[in-house]
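**Student:** Let me begin by handing over the structure; questions about it come next.
The values are calculated or read from the model by the stated rules, or taken from the named source; none is laboratory data. Every value quoted in this text rests on a predicted model; they were computed, and no experiment measured them. Don't worry about glycine lacking a Cβ; one is built from the backbone with ideal geometry, like all the others, and counts go over all protein chains shown. Remember, those area values only see protein heavy atoms, side chains included, never the ligands or the DNA or RNA. Shrake-Rupley method; radii C 1.70, N 1.55, O 1.52, S 1.80 Å.
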Amino acid sequence: FQVFLAPITGSENDIGGVLSVFHDITTLQEIHDRQADFVTNASHELATPLTAIKGFAETLLDGALEQPELSEKFIRIIHDEADRMHRLINDLLKLARLSAQEYREQIHLEAVAILPVLTAAKQDLSPRWQQKNQTVILKCKQEGLTALAHPDWLKQVIVNLLENSIKYTPEAGKIQLTCWQTDSQIKIAVQDSGIGIPAKDLPLIFDRFYRVDKARTRTAGGTGLGLAIAKFIVEMLGGHIAVESKVDVGTIFTISLPLSENRP
Ligand code: ADP
């Protein structure tokens, strides 16, 4: 609590009482703390690849450049770490845009055909799942499904979920993209046959920078922001995202979106 005290004086300047005003600043303080945590985490995440870049560049300048094989190895590391920083900055920018109320207010929701969005996300990521010999099956249970959404942001959600499924599913694994309609909603599920998520971690995976296994997911190239962004977008679209998972069996993310009456 923040407390303000003011004396209440009488006509003869005698103190007749004290006016006390209590301000509940818990929520404000919490928001402030969360923002500070976020900045600390973001800086730390950016500093890690930067330290590696600087270290390997220094080693090259100190003489490793003379050895062609070593040089190539170090330059590749520098390139990959710069890539990681780039992905992180892009994700931070997406979050910043989505967090701005002004931006959210001007977003225009429209009738979006689901099948083309899923097809485009599958297509965009084809080099990755093909490289791992994985199969991505796409199936809509009814024809012509449309939701009230935003095509680019909806695609971003599917890309984030599909990227995770590819990352956390072994070679030759199976991934399914399914969509269907219920009485009042459009549902989209991204299901994989991957490593799964332990029950104790499930409530935390949508938090910014939360990773189940820091070492493993860092090498997989993640920023720790993919699911936070996905949840943010789905809720901005008036929908809901849920997850079910079993370790070593697989994971299903299910998105529910409002129906759109008119087709585009
Ligand atoms: P990252 O960039 O690390 O993948 P995300 O926010 O996308 O970050 O996901 C948070 C964490 O949730 C991941 O680090 C991973 O541990 C876990 N996770 C997300 N999707 C899956 C999945 N399909 N299978 C297994 N684990 C997953």
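**Student:** Which of the residues belonging to segment 241-264 are within 29 Å of Pro170 (Cβ to Cβ) and open to solvent by 20 Å² or more (accessible area, probe 1.4 Å)?
**Tutor:** Within segment 241-264, Ala242, Val243, Glu244, Ser245, Lys246, Val247, Asp248, Val249, Ile252, Thr254 meet the criteria.
**Student:** Testing Glu102 on (1) acidic (Asp, Glu); (2) modelled with pLDDT under 95; (3) within 16 Å of the ligand (Cβ to nearest atom), one condition comes back false. Which one is that?
**Tutor:** Against the list (1) acidic (Asp, Glu); (2) modelled with pLDDT under 95; (3) within 16 Å of the ligand (Cβ to nearest atom), Glu102 comes up short only on (3).
**Student:** Okay, moving on. Taking the options Ser126, Ser165, name whichever one is within 15 Å of the ligand (Cβ to nearest atom) and under 21 Å from the mean Cα position of the chain (by Cα). Break it down stepwise before answering.
**Tutor:** Values: Ser126 fails: within 15 Å of the ligand (Cβ to nearest atom).
Of Ser126, Ser165, the one residue that is within 15 Å of the ligand (Cβ to nearest atom) and under 21 Å from the mean Cα position of the chain (by Cα) is Ser165.
**Student:** Here is a further query. Are any residues in segment 151-181 touching a residue at least 12 places away in the same chain (Cβ under 8 Å) and surrounded by fewer than 17 Cβ atoms within 10 Å (Cβ to Cβ), and if so, which ones? Even if it seems obvious, please write down each step before you answer.
**Tutor:** Narrowing segment 151-181 to residues touching a residue at least 12 places away in the same chain (Cβ under 8 Å): 151, 153-181.
Result: Pro151, Pro170, Glu171, Ala172, Lys174, Trp180.
**Student:** List every residue pair whose Cβ atoms lie under 9 Å apart, where the two residues are 6 or more positions apart in sequence or sit on different chains, the first residue falls within segment 195-216 and is on the phi > 0 side of the Ramachandran plot, and the second residue, located anywhere, is surrounded by 15 or more Cβ atoms within 10 Å (Cβ to Cβ) and part of a loop (DSSP other than H, G, I, E, B).
**Tutor:** Final answer for the pair search is Gly196/Tyr168; Phe209/Thr223; Phe209/Gly224; Phe209/Leu225.
**Student:** Any residue at all in segment 26-41 that is modelled with pLDDT under 80 and part of a strand (DSSP E or B)?
**Tutor:** no
**Student:** Across segment 1-25, what is the number of residues that are outside any strand (DSSP E or B) and either under 57 Å from the mean Cα position of the chain (by Cα) or not polar (S, T, N, Q) (or both)?
**Tutor:** Looking only at that region, the number is 6.
**Student:** Which one of these is within 13 Å of the ligand (Cβ to nearest atom) and either more than 21 Å from the chain's Cα centre (by Cα) or of a type in the set (Lys, Arg) (or both): Lys214, Lys187, Lys132? Can you show your working first?
**Tutor:** Details: Lys187 fails: within 13 Å of the ligand (Cβ to nearest atom); Lys132 fails: within 13 Å of the ligand (Cβ to nearest atom).
The match here is Lys214.
**Student:** Could you tell me which residue of segment 215-240 is least open to solvent (accessible area, probe 1.4 Å), considering only residues that are among the hydrophobic types (A, V, I, L, M, F, W, C) and modelled with pLDDT under 80?
**Tutor:** Restricting to residues being among the hydrophobic types (A, V, I, L, M, F, W, C) and modelled with pLDDT under 80, the top hit is Ala220.
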